Every structure is written in structure tokens, then in C-alpha cells.
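S.K.: Attaching a single structure in C-alpha cells format; questions to follow.
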2 protein chains.
Amino acid sequence: MATAVEEISANRHYNGYNRRYKHRSTVLGCDMTFTVYFPPAAETGKVPVLYYLSGLTCNDENFIQKSGAQRAAATRGIALVAPDTSPRGLGVEGEADSWDFGVGAGFYLNSTQEKWRAWRMYDYVVEELPSLLRSTAPFATSLDVDQASVFGHSMGGHGALVVGLRNPQTYRSISAFAPVCHPINCPWGVKAFTGYLGEDRELWKQYDACELLRSFSGPVRPPILVDTGSADKFLQVQLQPQALEAAIQETGYSPATMRTQEGYDHSYFFISTFVDDHINFHADVLLPGK
Amino acid sequence: MATAVEEISANRHYNGYNRRYKHRSTVLGCDMTFTVYFPPAAETGKVPVLYYLSGLTCNDENFIQKSGAQRAAATRGIALVAPDTSPRGLGVEGEADSWDFGVGAGFYLNSTQEKWRAWRMYDYVVEELPSLLRSTAPFATSLDVDQASVFGHSMGGHGALVVGLRNPQTYRSISAFAPVCHPINCPWGVKAFTGYLGEDRELWKQYDACELLRSFSGPVRPPILVDTGSADKFLQVQLQPQALEAAIQETGYSPATMRTQEGYDHSYFFISTFVDDHINFHADVLLPGK
């Protein structure tokens, strides 16, 4: 069944359009916003889809306003799809008490805890949103939803690695800026996973990129690109790229490229500096030879 | 006398740095912030300066976070200097009652009215800020303040045209996105000029780009580039590019290029789409043959 989707803004950008939408999410039980950048090529045919998962406290607008990703997406002919980071407006007690838990902090998982039962951003991102894009105008005629890749930042970099490694036939390439690499072992992750998933740490592993690499069984291996800034204040405690690097070494996963960018921090200035590399990395997979 | 300048943030960006500063403005009588983007070339020598004047409601951060101008500025080796749009924190009665007058709405003029005597953004931008950059570390050793150009958006596009046309030997090129072209004849301008300058409309002409073109006497003519979006909701009532076009035709001012960008609106999506053109336009003047 096609869900009603309402366009709430449209801005021409690099000869294409940023279009923001509101729809009722069945999975989350609330209204959600998301933004799609349609490159010029989407006016004359279907273009591949690159999902961008945002970090803590963000909604769908931060990336759209600050990353500058649309320039390379326009050049390469790829649509960008930016969802929000959690359910909103449900009025769950304490949902807005922390910036790293609840509203704006969905961690791209399916909660198992009664109180947070609406926090099912994994299903929203992997199932509901692609299904909506596949079946609803104007997406169905302009987006090739079966040609998809995923990237993200921080909590959303964790999300990109998790949804990509769990669905290697759905996401053809995976990249991340400053991802939370090993959430079962860092303060943000432990707080979120305890709250959303309870105390059984075995259950946490399905949402941990390092653990997913260790249990990875294919059948295909999406290429991975990860950039982290050496001046990122969250580097050692929260992000732990060395844990991901170790898991890649240990498992021999390839192709995987991890880069340290000297002097860069956790901000969108870091993202915009390297976003062209990421767009081109995904475009080379999604549109080979083009 | 060198003013004390405090760096309040630094973010690596395109191999250079966005650095935000706070200082005490003598001209305005309050603390002011501004941001400088230092391109990589500023680490090894002095680079030219391109001032960016922002629009209504903005401070120095909007342009820095959303325009993507740093990419081309890094490539061409030009520093970007983004001041704030008005005095702040003075507690003048009613200063924050309107989004188009008072705080965030300095209109780059010197007020003659007692109540708004602190609103002297013309002198701040043309005199105090360049003087500070010329005499204070780290600017004095990395910026060639005598090689300067100016651009801006909306109210700041008006500002760029006004400061540029009044000081053609100081600003070597002038450009604007969606400028308020004829403020003495549009609602934003009439409200602001009445409030800041009083009822004598003769005095208003010194801050109106169309009037300044008509009275322009050189001795040199900075090249002008203006982009306006055809879907800009402020186009006909507030911006009036046709008035500027008419003044250019009438006076034969050249070189001047006015472009209409089909389907673009008033947002930073419009600016970021065409910002490379503007950076290159200024760089070709500031760094000929480079």
C-alpha cells in the first residue's frame, strides 16, 4: 500500500532539487521527515540511490544544508536520501532528556524494550523508507531503489556500517565519516544499547560493525571506505577506528579503506572536505564505467 | 592601536582553516564576531581578501557553514572574511522586535539617528575590520588586506554593491547574490533607511546601488557580477534587479554582468550552486594570471 507523502519544501540546487517530505511512518508510529536530492539526471531516467544516515542530534536537514554533497551527486547522477535520526513527537517520558539517547538518537536499531518500542530506525531505514520510495510518486519513476548504497556520519556512520554489513546484497557500497565503530564498547553505544536493547550483551552484537565483520558470511562484500579526522574530540573514546581496523585485518575483509585525515575534527567542515571522495566511491560502484 | 582579538573556534576545512574570532568593536561599542577562512596558501605567504556580507537575520556563521565557498577559495588561494550583520547585545529598546530592522539587520550604513547611533556597519566593514586585519596577528602576516574584493547576499549584496561602488580603489571587484538593488524604493530599504537615516531621502542615496551608479565618478571601475534566481520570492518587490540593470544600461558602467538563474530561490542552495563562479570572478581580478 502506498503511503501518502507530502512535499514540504523544494529548493533548486546544482540544476537538480532538494525536496523535503513528510509522511506517516507505520513502523515508527509517527510523522517523519526526509529529504531527497534529485540530480538533473533524475528528470530523464532512473538514478541510483545513496542513503545518508546522520549523527546524534541531527535531523534530515543538517547534511542537506552543510555537506555540499549535492555538487558531486549532480555530476555523477546519483540521488541522495537523508532520513531523520529517530521517531519524534511521541511524547515518551524522558525522550528529550539526553542529546545521546531518545529523540535524535535512534542508533539505527530496533528496540526490544517496551518503553522505546517505537525506536525501530533499523526497520525504518532498511525496510519502510526503501519500500515507500519504490512504490510512491515521484520516487518510483525517478529513483532506481534497487541500485543503492549507504553512508553516514558518527552515529550514522555506525548505522551505515551496520545496515550495509547486514544487507550486503541491498547496499552495494558502504562509507562513513567518523563512525562509531564499536558501540558495544564505547559510552554512547553502551548507554544506547542498554536503554534500547536491555542488558543481554549478546543481542547488542547485531548492531556492532566490528562484531558484524567477524560474523560476516557474504554472499558479496560491499566495498568499504572510512574517513576519520585526527583532531576529532570523540576519536579514542567514542569512535575507536582502531577497533574497526583490527576487525578488518583479522577477518581479511576487502576491499576496505580506512583513512586518517590530519587535523580534521567531527564537524561538517570535515565531511564537506571529503564528501566528493565518498560520492565518487559510491558512484564508481553504482554506475560502473560512467 | 591593535585591538585584542580572541579566537573562539577553529575547524580544518579543505586543507585550510575556518577560524572564528571575537573582538571589541570601537565603532559599534559592542563585542563582535567574525570568521576568516584561511586557505592553505595563507600558511606560506599573504593571500588576498574577499569580504562576504550576509543577509537579514544572519551572523558570520551562515555563509561559513552553508555556502561551500571555501573549496574554491582554497584552490585559488583567497581568504574569506565574514563579518556579522549588526551590533549585538546593546539592549536598544525594540532592537530585536523585527527580523528586518535592528539586530541582524544593519544594512551596512552609518545611522544618523540618536537611538540607533551604534548601527554603523558601513564604518565597521570599510574601516574598522580592515584596519584590525592589517594590524593584528595572525591576520597581518597572512592576509594581503590591500588586495581586497567584496561580495554578499540579499541585504549583504546591497552592502557589497554600496561599499564597492563608494570605494572603487579599495575593492577591486564586486559581486552579489540576490542583492537588494534599489533600497530607497523597496519595503525593506524604506523601513531601514527611515529608521536609521530619518526622513530626508536625499541622504538615503549614498546607500543605494542604483543611485551610486548614477553618481559614480571612478577613478576606476571594479567589475561587477550579480546573480539572481528566477524563483526568488523577494525578486520583484524587494530585490528589483531590473532597477540595477537599468542603471547599468543608463550609465554604461562596465564591466558588469547580471544573470538570472532559472528556478533558483533566495536560499544558500542558490548561493552554493554559483559560489564557484563568484570566487573565480574575484580571483581572476585579485590574482591575475594565477
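Every read-out reported here was derived from the displayed coordinates using simple, explicitly stated rules and does not represent laboratory data. Here the structure is a predicted model, which is why all the values come from computation and not from measurement. Because the Cβ atoms are built from the backbone with ideal geometry, glycine has one as well, and the counts that use them run over all protein chains shown.
S.K.: Hey, among B:V103, B:V36, B:V49, which residue is touching a residue at least 24 places away in the same chain (Cβ under 8 Å) and more than 14 Å from every other protein chain (Cβ to nearest Cβ)? Spell out the reasoning first.
M.R.: Details: B:V103 fails: touching a residue at least 24 places away in the same chain (Cβ under 8 Å); B:V36 fails: more than 14 Å from every other protein chain (Cβ to nearest Cβ).
Exactly one residue qualifies, and that residue is B:V49.
S.K.: Next question, about the same structure. Counting just the residues of the range A:16-40 that are of a type outside the set (V, I, T) and part of a loop (DSSP other than H, G, I, E, B), which one comes out surrounded by the most Cβ atoms within 10 Å (Cβ to Cβ)?
M.R.: A:P39
S.K.: Hey, another quick one. Mind listing just one residue for me: the one in the range A:52-80 that is surrounded by 24 or more Cβ atoms within 10 Å (Cβ to Cβ) and away from every other protein chain (no Cβ under 14 Å) and, of those, nearest to A:V285 (Cα to Cα)?
M.R.: Going through the qualifying residues, I end up with A:I78.
S.K.: Shifting gears a bit: Considering only the range B:212-226, I want to know if a residue exists there that is within 14 Å of chain A (Cβ to nearest Cβ) and more than 20 Å from B:A69 (Cα to Cα). Before the answer, list the steps.
M.R.: To start, the set of residues in the range B:212-226 that are within 14 Å of chain A (Cβ to nearest Cβ) comprises none.
No, the range B:212-226 has no match at all.
S.K.: Can you tell me which of B:A176, B:A192 is part of a helix (DSSP H, G or I) and crowded, with 23+ Cβ neighbours inside 10 Å? Walk me through how you get there before you give the answer.
M.R.: Values: B:A176 fails: part of a helix (DSSP H, G or I).
None of the others qualify; the one that does is B:A192.
S.K.: Under 8 Å between Cβ atoms, which residue pairs at least 6 apart in sequence (or on different chains) link something in the range A:4-15 that is touching a residue at least 60 places away in the same chain (Cβ under 8 Å) and facing chain B (nearest Cβ under 7 Å) with a partner that is assigned to a loop (DSSP other than H, G, I, E, B) and not acidic (D, E)?
M.R.: The qualifying pairs are A:Y14/A:P39.
S.K.: Mind listing just one residue for me: the one in the range B:97-136 that is assigned to a loop (DSSP other than H, G, I, E, B) and touching a Ser or Thr at 6+ places or on another chain (Cβ under 7 Å) and, of those, surrounded by the fewest Cβ atoms within 10 Å (Cβ to Cβ)?
M.R.: Filtering the range B:97-136 down to residues assigned to a loop (DSSP other than H, G, I, E, B) leaves B:97-101, B:103-104, B:106-109, B:111-113, B:117-119, B:136.
Imposing the further condition that a residue be touching a Ser or Thr at 6+ places or on another chain (Cβ under 7 Å) reduces the set to B:99, B:103-104, B:106, B:117, B:119, B:136.
Numbers: B:W99: 11, B:V103: 22, B:G104: 21, B:G106: 33, B:R117: 16, B:W119: 30, B:T136: 16.
Top of the filtered list is B:W99.
S.K.: Can you give me the number of residues within the range B:198-230 that are under 19 Å from B:P187 (Cα atoms) and over 20 Å from the mean Cα position of the chain (by Cα)?
M.R.: Residues meeting the conditions: 6.
S.K.: When you check B:E250 against the structure, is it at negative phi, away from chain A (no Cβ under 14 Å) and touching a Leu at 6+ places or on another chain (Cβ under 9 Å), yes or no?
M.R.: Judged against the criteria, B:E250 is a match.
S.K.: Now for a different question. Filtering the range A:260-290 down to residues that are surrounded by 23 or more Cβ atoms within 10 Å (Cβ to Cβ) and away from every other protein chain (no Cβ under 12 Å), which residue is farthest from A:K233 (Cα to Cα)?
M.R.: Taking the candidates together, the pick is A:H282.
S.K.: Taking into account only those residues within the range B:233-242 that are surrounded by 22 or more Cβ atoms within 10 Å (Cβ to Cβ) and either part of a loop (DSSP other than H, G, I, E, B) or among the hydrophobic types (A, V, I, L, M, F, W, C) (or both), which is farthest from the other protein chains (Cβ to nearest Cβ)?
M.R.: Checked the range B:233-242; the qualifying residue farthest from the other protein chains (Cβ to nearest Cβ) is B:Q240.
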